[in-house]
Each structure stands twice: as C-alpha cells, then as structure tokens.
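Report on one structure; see the data block that follows.
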Amino acid sequence: MAVLPIQPTPFFASKNRAFWNLQLAGWGGAFLLRAVSALANGQPLDLLAMILVTTITGFSITLVLSVIYRQLIDRQPIVTWGMTAVVLIGSVIVYASIDAWVQGIYYGIASETSFAQRLIGLSYIPLTLLGGWSALYYAINFFLTAEQQADRLERLEAQTTAAQLAMLRYQLNPHFLFNTLNSISTLVLLKQTEPANAMLTRLSSFLRHTLIAQPGSQVTLDQEVETLGLYLDIERMRFEERLRTHFDIEDRAMNACLPSMLLQPLVENAIKYAVSPQEEGARISVVARVVGGRLRMSVEDSGPGLDLGIDPSMDNALFDPNGLPIDGRPVSTGVGLANIRNRLTQAYGDKHLFETRSEPGGGFKVLIEIPYDPVQADEPEDTSGSDSKSDDDTPDAAAPETAAHNVITLNPQRAIGSSK
C-alpha cells in the first residue's frame with residue numbers, strides 16, 4: 001500500500017541546523033543594527049565592544065530560553081503562556097541588569113544616572129528583543145507542528161482511501177468466483193468433465209492475470225480489455241452463441257489509466273440481467289472514447305432493461321417497487337453497480353461521472369467518465385511477464401496477452417469481437 005512520506009519545509013528539514021542559522025543571523029543582525037546606529041550618531045569605536053557584550057548576553061539568554069520553552073510548548077495553554085510570561089520577565093530583568101552594569105563600567109564616574117535608573121531605561125530594548133525572539137520561537141514551532149499534523153493527516157487519508165479501494169476490489173473476486181464455480185459445479189454434476197476442466201483452466205488464467213495487480217492500483221484500458229477478454233472467454237463456454245459482444249475502442253483511449261477491474265463487473269452485470277434471462281441471449285457493447293480531456297466509457301446491453309422503476313445504482317434488480325422478488329430474475333448480491341460507484345468516488349471524488357440509462361423498449365447502459373490520464377511513453381507497462389508462460393502447453397492456459405488476443409483483436413475505431 002502506497003504511503004505518503006512526511007516532507008517538511010526544506011529549510012526546517014533539520015530543526016537543529018535551522019535553529020542555529022536563525023539564532024546567528026538574528027543576533028548578528030541585531031549587533032549590526034546597533035553598531036551602525038552608534039557609528040551614524042558619531043559614537044566612539046570602543047562603544048562597539050559594549051554592544052558586542054550585550055549582544056552575546058542576549059544570545060546566551062535565548063539559548064537558555066529555548067531549553068525552557070521546549071519544555072513548556074507541549075503543556076496546557078494556561079501553563080505555557082503563564083510560565084512563558086514569568087520566564088520572559090525574568091530574562092528581561094537579567095538582560096537589562098547586565099546591560100546597565102556594562103554601561104556603568106563603560107561610562108564610569110561620568111555617568112549621572114544610578115543603576116536603577118539605567119535598569120529601567122534600558123529594559124525597553126531587551127523586552128523588544130526577547131519578546132520578539134520568544135514570539136518567533138513559538139510561531140515557528142507551532143508552524144512545524146501544524147505542518148507535521150497536516151502531513152500525517154494526508155498520509156492517513158491516503159491509507160484510508162487505499163484500504164477502502166482494496167475492500168471494494170476484494171468484493172469483486174468472490175462475486176465473480178461464486179458464479180463461475182457454480183457453473184463448474186453444474187458441469188461436474190452433469191458429468192461434463194471436459195467443459196468443466198476447460199472452464200477451470202480459463203478461470204485459473206483469469207485469476208493469475210487479475211490478482212497480480214495490487215488492489216486500488218491502476219492499469220491501462222488496453223490491459224483492462226485483455227482482462228475482460230479472459231473473463232468473456234469463460235462466459236462464452238456457458239452461453240455460447242447467446243453471448244454476443246461488440247468492442248469499439250478509440251486508439252487514444254487504449255493507453256488511458258483507470259482503476260483495475262472497472263469494466264468486468266459491468267459486463268458481468270449485463271450478462272446476469274440481459275444474457276442469462278433471455279433464451280435468445282443479448283448483445284453487449286463496450287465503447288471507449290477520449291472526449292475533451294476525459295475518458296468516456298460505456299457498457300450497453302440489448303436485454304430487457306429495467307421497466308419496473310428500480311434504482312439500478314444499488315444493483316437491486318432483484319425486487320419490484322413493493323420490495324417483492326421478481327419471478328425469473330437472477331438473484332442479486334448487491335455488489336456490481338454500487339461497487340463501481342463507490343470505487344469511482346474513492347478514486348476521483350467529484351471529478352467522475354457515473355450514469356445508468358434504461359430505455360422503455362429494452363436495453364440498459366452504464367456510462368462512465370473519468371479524467372483522461374494517459375500512461376507516459378517512457379513508462380513500461382506491466383504485461384505480467386512473469387506469468388507469460390503456463391505450466392502446461394494447452395492453448396487455454398496461455399499468457400494473458402495470447403488469451404486475450406484469441407478472444408478480442410484490438411483495432412482502433414472499428415468493432416471487434418463477435419458480431420452475431
């Protein structure tokens with residue numbers, strides 16, 4: 001499962017290095033500002049020594065403050081801000097006291113002000129410097145905390161989405177296996193071991209082709225059609241000429257990316273509600289186009305459609321408007337269309353379109369639109385090369401590409417498959 005790594009702001013990739021860079025730059029700038037101001041006012045050069053001493057004092061005091069603030073930042077707000085105010089006032093008094101003492105030594109007896117007067121008069125600069133430093137310290141740390149929380153939330157959302165996609169994808173295999181194994185069981189009971197063995201071989205080839213992809217992963221439409229061809233190869237053994245297919249895939253659409261196993265449940269739904277109930281079977285058409293930067297796909301059948309006011313989006317064609325079973329209709333497991341709708345919502349949000357249409361005279365159509373995301377030309381496609389050869393040499397157990405080629409020949413802009 002793909003996990004989004006936490007990516008902090010580059011400057012703060014190393015908090016320790018960022019702290020020292022800011023510390024040196026900040027206090028170095030404060031020293032330069034006071035030094036330039038003193039020289040501009042015609043002060044003697046030896047005043048720079050006093051400014052340097054007070055700057056080093058402020059630098060040292062803030063190092064102590066950083067240790068104290070680090071212990072306070074994770075406390076309750078009233079404790080954090082209350083203790084910060086107390087510590088800040090104490091630091092300002094210490095800073096101003098040292099500054100007043102240094103000035104007393106520098107000016108000596110010529111100074112007409114007392115230590116207390118100098119302390120009060122000089123407290124403004126330490127209050128400004130240390131107050132600004134404290135505010136910046138908390139602001140940067142709160143910013144980094146918020147950034148880390150946002151990254152963790154994004155990672156958790158990605159993991160949740162991947163888990164939901166995996167859950168929806170895992171629903172499809174039992175749904176399909178139930179129908180196929182039921183058919184194989186029927187063939188075995190009828191002593192038709194040869195068709196049963198052939199269907200098992202095709203089933204193993206289909207599962208080998210589909211289970212390689214990670215749940216929630218994306219494939220190209222070309223690969224999805226190959227998978228669909230393997231599935232139809234199995235179903236044709238059940239319905240023979242009753243199952244008629246028509247594929248019309250635009251050349252540009254073949255390299256478009258989409259969630260794996262997206263079309264198979266739609267075709268399975270069409271077989272279940274259009275081909276199976278009718279003695280003459282039905283025709284299933286799969287069409288794909290690139291329209292205005294979006295991939296438009298449709299799966300349509302010529303079956304009886306939905307003529308009882310049923311909500312097809314919930315895959316509940318089993319019941320009439322009164323909630324009673326419909327005679328002669330297959331039993332629904334409630335997975336097909338609802339599963340596709342949920343998967344599209346998880347993968348694309350509101351950037352997708354999912355519509356179902358049923359004409360009064362018969363026929364049912366599912367229309368899907370998703371953003372057109374073609375695979376890059378230099379990106380190798382997963383052709384399941386590790387499974388390109390089967391353990392036996394029978395044509396039924398051939399590679400996925402070969403098996404799909406035997407069922408559907410892909411040619412752009414023209415119908416493919418059975419045309420009966």
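Worth a mention:
- Any hit, region 103-126, residues being under 48 Å from the mean Cα position of the chain (by Cα) and either modelled with pLDDT of 85 or more or surrounded by fewer than 14 Cβ atoms within 10 Å (Cβ to Cβ) (or both): no
- Residues of region 39-67 satisfying the condition of being over 15 Å from Tyr107 (Cα atoms) and not β-branched (Val, Ile, Thr): Leu39, Ala40, Asn41, Gly42, Leu52, Gly58, Phe59, Ser60, Leu63, Leu65, Ser66
Residue-wise test of (1) in a helix (DSSP H, G or I); (2) of a type outside the set (D, E, K, R); (3) in contact (Cβ under 8 Å) with a residue 24 or more places away in the chain.
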| residue | (1), (2), (3) |
| --- | --- |
| Arg75 | no, no, no |
| Ile78 | yes, yes, no |
| Gly82 | yes, yes, no |
| Ser91 | yes, yes, yes |
| Ser97 | yes, yes, no |
| Gln117 | yes, yes, no |
| Leu129 | yes, yes, yes |
| Glu147 | yes, no, yes |
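- Members of region 254-304 found to be at pLDDT 85 or above and at positive phi, listed by number: Gly281, Gly292, Gly293
- The residues of region 335-360 that are in contact (Cβ under 8 Å) with a residue 60 or more places away in the chain and open to solvent by 40 Å² or more (accessible area, probe 1.4 Å), listed by number, are Asn342, Gln346, Ala347.
- Count of region 130-156 residues, restricted to those that are farther than 30 Å from Ile56 by Cα and aliphatic (A, V, I, L, M), is 4.
- Options Ile51, Ile6, Ile68, Ile56; residue that is modelled with pLDDT of 90 or more and open to solvent by less than 80 Å² (accessible area, probe 1.4 Å): Ile68
- Qualifying position, being more than 26 Å from Gly362 (Cβ to Cβ) and open to solvent by less than 10 Å² (accessible area, probe 1.4 Å), among Leu263, Leu243, Leu230: Leu230
- Verdict on Asn182 being over 25 Å from Asp301 (Cβ atoms), open to solvent by 20 Å² or more (accessible area, probe 1.4 Å) and not in a strand (DSSP E or B): no
The values are calculated or read from the model by the stated rules, or taken from the named source; none is laboratory data. Fair warning: this is a prediction, and the values are worked out from it, not measured in the lab. Glycine gets a Cβ as well: all are built from the backbone with ideal geometry, and neighbour counts include every protein chain shown. Please note that ligands, DNA and RNA were not included when accessible areas were found on the heavy atoms of the full protein model with its side chains. Shrake-Rupley method; radii C 1.70, N 1.55, O 1.52, S 1.80 Å.
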